Amino acid sequence: MHKVYILFTLVLLASQCLPAQTMQLKFCGKTSLVEPATDNQGNDQRHKGALRLDYLRVGRVGSSKTNPFYSLGVSGGTSFKNFIYVDGCQNNSNTTYCSGCSRCYTVSDAGNKSIGVFQGKMLGNVRTRSVNNDLFLESTGDQNVVCFVTDPFDVSGHGGKKVEINAGYEGTQVENFSTKNVSCEYRYNSGNWVVVFNQNSNFLRVIDTTLLVLQNVPVATLDFNALDDLEVFPNPTSGHLIMRLESKNAFTGTLKILDLQNRVISETEVSILSGTNSEKISIANLPQGMYLLQLSDASGRSVSRKFTRQR
């Protein structure tokens, strides 16, 4: 493979905001239905059938515990407000939200800023609350899944990178009541939810788990229909190429030089800005012949131009 030196000169002539890339987490559980809700002394006993969420953290691989960019429920992160969010759901007819419960609130931090919401089948004696910076799902019923869903948080600064989720939680058992199931999912932007773990047994203890997110953080991709004005010149050439293009959005892409048998001669990551971009590419070490210059984005869409290296 020939070594090709690529020098980039990016010239921004127009300004356009890059759409934010976001991530959400969904932490879900089932617990025993606690009936009656109070014991013989009139004390609320729904805590006996509970799942406790201690914390959720997201960071680059190897850094979710020590240097997370998103953190709930731990020192240095966002704290949960001490509050009862969902209760009084005996007459709730909504099987995905708590709108029919006597208490139905979004989850907030200590400063009353929204950080998430409870979703799922909240019926009967179910209660969700926060105490001492922990979230509790209580008395959901064996068949009813209740989830804490975070508000979207920005991951634009980590585009194209792998991240991991660090979750701390406790499955509990008191008398005949216990946690029945716990799961965690994530999604980017408004995409499909992806399960990272789902446990039905053997977790009645404090658990700290770190899980790799298999999908890289998305990178905002360009509309290749906007690249009709892509130019490569001079052509033919003996020393260097100038590639000039218009892009609606900024993005991180891959620039390749291929021979006519589609074998990769060189491959380089490039940062394209919104507006007009001009890049100078050295081809002095290429043998004489015809080649393709190909630019692709993170989702694999590409555009190419043919050029000739002459002596």
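Of these, 266, 271, 238, which one is within 30 Å of residue 156 (Cα to Cα), in contact with a Lys or Arg (Cβ under 9 Å, 6 or more places away or on another chain) and touching a residue at least 60 places away in the same chain (Cβ under 8 Å)? First the steps, then the outcome.
Values: 271 fails: in contact with a Lys or Arg (Cβ under 9 Å, 6 or more places away or on another chain); 238 fails: within 30 Å of residue 156 (Cα to Cα).
Among 266, 271, 238, only 266 is within 30 Å of residue 156 (Cα to Cα), in contact with a Lys or Arg (Cβ under 9 Å, 6 or more places away or on another chain) and touching a residue at least 60 places away in the same chain (Cβ under 8 Å).
Filter region 254-263 down to residues that are aliphatic (A, V, I, L, M), surrounded by 14 or more Cβ atoms within 10 Å (Cβ to Cβ) and more than 27 Å from the chain's Cα centre (by Cα), then give me how many there are.
2
Going through region 71-121 one residue at a time, which ones are among the β-branched types (Val, Ile, Thr) and surrounded by fewer than 17 Cβ atoms within 10 Å (Cβ to Cβ)? Please lay out each step first, then the result.
As a first pass, look at region 71-121 and keep what is among the β-branched types (Val, Ile, Thr): 74, 78, 84, 86, 95-96, 106-107, 115, 117.
84, 95, 96, 106 - these are the residues of region 71-121 that are among the β-branched types (Val, Ile, Thr) and surrounded by fewer than 17 Cβ atoms within 10 Å (Cβ to Cβ).
Does residue 102 qualify as being more than 22 Å from the chain's Cα centre (by Cα) and under 27 Å from residue 204 (Cα atoms)?
For residue 102, the condition - more than 22 Å from the chain's Cα centre (by Cα) and under 27 Å from residue 204 (Cα atoms) - is not met.
So which residues in region 160-189 are surrounded by 18 or more Cβ atoms within 10 Å (Cβ to Cβ) and touching a helix residue (DSSP H, G or I) at 6+ places or on another chain (Cβ under 6 Å)?
Matches in region 160-189: 177 only.
Would you be able to say whether some residue in region 190-212 is among the basic types (Lys, Arg) and either buried (at least 16 other Cβ atoms within 10 Å of the Cβ) or at pLDDT 95 or above (or both)?
Taking every residue of region 190-212 in turn, none turns out to be among the basic types (Lys, Arg) and either buried (at least 16 other Cβ atoms within 10 Å of the Cβ) or at pLDDT 95 or above (or both).
So how many residues does region 23-57 have that are buried (at least 17 other Cβ atoms within 10 Å of the Cβ) and polar (S, T, N, Q)?
The total comes to 4.
When region 58-70 is examined, which residues are found to be over 15 Å from residue 162 (Cβ atoms) and buried (at least 21 other Cβ atoms within 10 Å of the Cβ)?
Listed by number, the list is empty, since nothing qualifies.
Return the residues of region 244-263 that are in contact (Cβ under 8 Å) with a residue 60 or more places away in the chain, in a strand (DSSP E or B) and among the aliphatic types (A, V, I, L, M); say none if nothing qualifies.
255, 257
Do you know which residues across region 138-155 are among the aliphatic types (A, V, I, L, M) and closer than 16 Å to residue 55 by Cα?
Hit for region 138-155 is 149, nothing else.
All but one of (1) in a strand (DSSP E or B); (2) at positive phi; (3) not polar (S, T, N, Q) hold for residue 42; state the number of the condition that does not hold.
Only one criterion is unmet by residue 42, namely (1).
Can you go through 271, 296, 266 and tell me which one is loosely packed, with under 15 Cβ neighbours inside 10 Å, under 24 Å from residue 161 (Cα atoms) and either of a type outside the set (Val, Ile, Thr) or touching a helix residue (DSSP H, G or I) at 6+ places or on another chain (Cβ under 7 Å) (or both)?
Exactly one of 271, 296, 266 is loosely packed, with under 15 Cβ neighbours inside 10 Å, under 24 Å from residue 161 (Cα atoms) and either of a type outside the set (Val, Ile, Thr) or touching a helix residue (DSSP H, G or I) at 6+ places or on another chain (Cβ under 7 Å) (or both), namely 271.
Can you tell me how many residues in region 231-248 are among the small types (Gly, Ala, Ser) and more than 15 Å from residue 291 (Cβ to Cβ)? Spell out the reasoning first.
Pass one, region 231-248, residues among the small types (Gly, Ala, Ser): 238-239, 247.
After this cut, where a residue has to be more than 15 Å from residue 291 (Cβ to Cβ) as well, the list is 247.
Of the residues in that region, 1 qualify.
Test of understanding: among 103, 46, which residue is more than 25 Å from residue 185 (Cα to Cα), of a type in the set (Lys, Arg) and without any contact (Cβ under 8 Å) to a residue 40 or more places away in the chain?
After applying the criteria, what remains is 103.
The values are calculated or read from the model by the stated rules, or taken from the named source; none is laboratory data. Because the structure is a prediction, the values reported are computed rather than measured. A quick note on method: Cβ atoms are made from the backbone with ideal geometry, for glycine too, and the neighbour counts reach across all protein chains shown.
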